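The values are calculated or read from the model by the stated rules, or taken from the named source; none is laboratory data. Keep in mind the model is a prediction, meaning the values are calculated, not measured. Here the Cβ positions follow ideal geometry from the backbone for every residue, glycine too, while neighbour counts run over all protein chains shown. The area values use the complete protein model at the heavy-atom level, side chains included, leaving out ligands, DNA and RNA. Shrake-Rupley method; radii C 1.70, N 1.55, O 1.52, S 1.80 Å.
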Amino acid sequence: MTSYVEPGGSWRPFWAIAAFLVLLLGLDLALPGAGVPVLVWVLAFVAVLGVVAGSTVSARRVWTVRVDRDGPDPALSVGRERVALAEVDAGHLRAVRAGEAGVDAGAPVLGGGWSVPRGRTGLPLRLTDGRTVLVPTRDPAALVAALLDEAGGDTPQGGSGSRRTLDR
């Protein structure tokens, strides 16, 4: 079971552009005069929607944030990069949430890239080896809650038999 998933991209732009192209096609058929050739319409639909679909699939693969708690190695993953939850400094994460800590200058973005993608916030995450990385997220509070396993309540470790990875 995955305890938190934040998709890296949305299909909303694809469907909005598809609707707009259908509207243009309807206007071309309804208005008098010489119409646009069918081959041009087919190429427009395939080319434009292909580019938009490709960018959406790419964004979903590269920027999807996932916290997986099941299995032998619970981890946070952004795209192909994974960080074991046991390597995350929970104390620093709580300090970030309280506004008492921040990010080191030049910290790399988890998942790759030069900077945090547009529309996302970089959540500073210190690892137990001392490195700091930025996790690109649209909802930092929900991600922190998922990383600290606070969604199901604040049960102490061993109280209900559940293992809380970051709360030692």
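Take the Cα of V22, go 7 Å toward its beta carbon, and the backbone nitrogen atoms of the stretch 46-61 under 20 Å from that spot belong to 46-54, 56. Per-residue ellipticity at 222 nm from helix content only, as computed over the chain with -39500 (n - 2.57) for each DSSP H run of at least four residues, stands at -12000 deg cm²/dmol. Spin-label pair A98-S10: with each label point 7 Å from Cα along the Cα-Cβ axis, the two points sit 3.5 nm from one another.
Extending 7 Å from the Cα toward the beta-carbon at both R118 and D70 defines two label points whose distance is 3.7 nm.
Counting only heavy atoms of protein chains, what accessible area per residue, in Å², does the stretch 25-90 have with a probe of 1.4 Å? Averaged over the residues of the stretch 25-90, the accessible area is 60 Å². Less than 5 angstrom separates the built amide H of L123 from those of V135, T137, all sequence-distant by 5 or more or on a different chain. Between T128 and V57, the modelled labels are 3.9 nm apart [label points 7 Å from Cα along Cα→Cβ].
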